[in-house]
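Report on the structure given below.
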Amino acid sequence: MTILQNINRLVSYALETKLIEPDDRIYIQNCLLDLFELDGFEDYTQAAALPHGEKNNLEEILAEMLAYAEEKKLADLSSTADRDIFDTRIMAILVPPPSVVRAKFRELYRAAPEKATGWYYDFSQNTNYIRRYRVSKDIKWKTPSEYGDIDITINLSKPEKDPKKIAAARFAKQGGYPACLLCKENEGYDGRSNRVARQNHRIIPVTLGGEQWGLQYSPYVYFNEHCIVFNFEHRPMKICRNTFRYLFDFVRQFPQYILGSNADLPIVGGSILTHDHYQGGRYVFPLARAALDREFTVPGFGDVKTGIVKWPMSVIRLTGKDSDRLTELSTRILEAWRKYTDEKAFIFAETDGEKHNTITPIARRRGEDYEIDLVLRNNITTKEHPLGVFHPHAELHHIKKENIGLIEVMGLAILPARLKTELEQAETAVLTQQDLRADEMTAKHADWIESFIPRYKNISKETIGAIFKTETGNVFKRVLEDAGVYKNTDAGRAAFDRFTAVLGK
């Protein structure tokens, strides 16, 4: 296709996805001609010759446009980041300004919250802010466990992060514009070598607890309608009483969504601790499906159903009709946990002035009820476990080394892209009886593979993939168990009960 044909294909795509109106056609064509440094079409007939059925061809159209730009040396497209910046410039021409997007969202919200978010999610994909063709390549499956099915994904659209770098970023000097990837100033930002382009990004303002927050979707969408809610002020993550108020306020306005927060400490927190934000979406996580293992009561809160969830991590669940009451009890649990030490269970509130205890909270609606899961976290380290005692232990790092954040706490594994190639190669090595330790790519998995292969009698080309998926899921279950501060043993349950007993004092 010629560049002029691809301009018309892109305009057709924009019309079919309703990013633009028919009255915008000539204007958009001229903007694209300018971007590609073209004088124009041969005549008005060629300009009006729009093809049909381009809605599903965006990846192909943009790839051909980038090839033309590279051939004509319109930009440096030597890296994936450079290519992303330029194709975002292309898409930005099709995206209406924030005021138009927000007005449309408010109009749909008045009809029903789910109509507004459904439209906004489609819009975020149609603008290529969410790169559908990358996300669709992610590998997904479920692994049965004694806790219920656990969701496993190998994410092919986002690089693996180092826990030490995540922790260091919290103390790095802040500055620049935008200050971080979550700041509202990213809306429309054109990107640079170390900052992704966001010219096609639009934010929906929401009010939580009387403060201004922004609603957007994650460009990596780990699950359906995976949204991010961030404070308009660039301030550090902090779990406190207001956190619970914000979470409940959000699910009150958007009852179709869950919303939760990463913990506010390194190791047990998420990858961005410098900007206060939450994550949620329209998805039923394995944790939400998990039942209570046992109930307990907190004096003075008889109106709140309280229990410990049957889950590999340590979760207290509160359910009730009054979100203010749940906020009060959540705050009491948080404050008690912040200062709680139980040396017998190796729980230390602080060592050498460093605080270790915090909570990962997740709020949702259950019909008329509000519900919140409070996941107890502790980030203490030792010489044996320098990345964290309650972090995936070293023997599991060949599968998962990153911090266990909110999404994985809820039972959805986000495993690194490298595993696709590594596990495929390992499967081939097993089938052909090659030495797993002879290749660097499979050597890291050798001990693990040799531990489970003898359990399977029927290993063939048809079964090997399912075997590796099952065993990878089992590793992730162990990852969650490592991250649990109280283990699902008699001693662990007794230690958990010692903590819940202090809540009434």
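Brief remarks follow.
- Computed with the Debye formula from one identical point scatterer per Cα of the chain, without solvent, the log10 of I(q)/I(0) at q = 0.07, 0.12 Å⁻¹ comes to -0.44, -1.17.
- Annotation: Val100 carries an accessible surface of approximately 80 Å², with a 1.4 Å probe and no ligand, DNA or RNA atoms counted.
- Residues Lys140, Lys444 ordered from highest to lowest accessible area at a 1.4 Å probe: Lys140, Lys444.
- Heavy-atom surface of the chain, accessible at 1.4 Å and reported per residue (Å²): 45
- Counting charges near Leu108 (Lys, Arg +1; Asp, Glu -1) among other residues having Cβ under 12 Å from its Cβ returns a value of +2.
- Kirkwood Rh and Cα Rg combined as Rg over Rh, evaluated for region 226-325: 0.97
- Against the chain, whose longest principal axis comes from its Cα atoms, helix 418-431 is set at around 70 degrees.
- Amide H contacts for Tyr486 (H built 1.01 Å from N in the peptide plane; partners 5 or more residues away or on another chain; cut-off under 5 Å): Ser314.
- DSSP beta bridges confined to the chain are antiparallel in about 90 percent of cases.
- Gyration tensor (alpha-carbon) shape descriptor, region 1-148, a/c threshold 1.5: oblate
- In Å², nearest 10: area of Leu273 left accessible to a 1.4 Å probe: 10
- Partners for Lys104 among lysines (Cα-Cα distance below 30 Å; same-chain residues under 8 apart left out): Lys18, Lys55, Lys115, Lys184
- Protection proxy ranking of 222-233, 486-497 - average other beta-carbon atoms within 10 Å, highest first: 222-233, 486-497
- Peptides 393-404, 425-436 ranked from most to least packed give 393-404, 425-436, packing being the mean of other C-beta atoms within 10 angstrom over each peptide's residues.
- With every protein chain in place, region 181-237: carbon and sulfur % of accessible area (1.4 Å): 47
- 24 Å tail of the calculated P(r), region 383-505, as % of Cα pairs: 40
- For region 434-441, 3J(HN,Hα) per residue [Karplus equation, 6.51 cos²θ - 1.76 cosθ + 1.60, θ = phi - 60°, Hz, x = Gly/Pro]: 7, 6, 4, 8, 7, 10, 4, 5
- Which listed pairs, of Lys142/Lys444; Lys142/Lys339; Lys142/Lys355, have C-alpha distances above 26 Å, in listed order: Lys142/Lys339; Lys142/Lys355
- Percent RCO, i.e. relative contact order, over the chain, from Cα pairs under 8 Å lying at least 6 residues apart: 13
- Taking all protein chains together, Lys461, Lys142 sort by accessible area into Lys461, Lys142, largest first [probe 1.4 Å].
- Residue-level accessible surface for Thr207, protein heavy atoms, 1.4 Å, Å²: 70
- Computed from Cα positions, the angle between helix 58-71 and the longest principal axis of the chain comes to roughly 60 degrees.
- Stretching Asp369 away from Ser145 to a fully extended chain increases their span by 77.8 nm, per 0.36 nm per residue minus the current alpha-carbon distance.
- Computed from Cα positions, the angle between helix 464-483 and the longest principal axis of the chain comes to roughly 60 degrees.
The values are calculated or read from the model by the stated rules, or taken from the named source; none is laboratory data. Please read all numbers here as calculations on a predicted model, not as lab measurements. With ideal geometry, Cβ positions are generated from the backbone for all residues, glycine too; neighbour counts draw on all protein chains shown. With ligands, DNA and RNA removed, areas are computed over all heavy atoms of the protein, side chains included. Shrake-Rupley method; radii C 1.70, N 1.55, O 1.52, S 1.80 Å.
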